[in-house]
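Okay, structure first, notes after.
The numbers here are math on the coordinates, done by the rules we state, and not lab data. Since this is a predicted model, take the numbers as computed values, not measurements. Here the Cβ is made from the backbone with ideal geometry for all residues, glycine too, and neighbour counts use every protein chain on show.
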Amino acid sequence: MQEEFHAVSESPLLRLFQRKDAKGHAYIDARQFAAGERLRADYERAHLSGRVVSAYAPSAGSGGRHWHMSDNAIENLTHGTLEARRRVQAAFAAVGPELSGMLYQVCCLAAGFEAAEAALALPVRSGKAILALGLTRLARHYGLITPHKPRSREVIAHWAMDDYRPRIPPAQS
């Protein structure tokens, strides 16, 4: 529990969730924050990040021969790890390639906006907007935001939401 709190406290999303803009609103809402943290947790459970360790002992059962060791340790992964990988892949597929890069940089790698923008070759100061769009789509994928369902799928009457009513100004004489 302490490790989980420590990881959440280091999250770039927590800073966006706690910081307020000029109007006093958080940069991301609770559903976006929850979606980003869920993606981060699945990414960590999936063991997709590179490990930095040194092991000088030969692997168990290797007999010291390099051809007995496997470069691909997929056989040693648990069912939970494989399921977490499937969930991460499904989340990125639902978000799409245009927004998943920013989610990967910020949620999974804990990169700052400047580093993420540079890595993705994005315009300066566009990271927050792209991240907010990606987190909204991710929250919709996780079921934290209900998807919009138009009343009728046969005919498109207007481009706006179902409860939208245009404001018609009074006629000037």
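Annotations for the structure displayed:
- Estimated FRET transfer efficiency when R0 is 35 angstrom, pair Ala22-Lys149 (beta carbons, to 0.05): 0.55
- Theoretical gain in end-to-end length, Leu77 to Glu98 [0.36 nm per residue, Cα-Cα removed]: 4.6 nm
- Other residues lying with their Cβ under 14 Å from the Cβ of Ile145 contribute a combined charge of +4, Lys and Arg counting +1, Asp and Glu -1.
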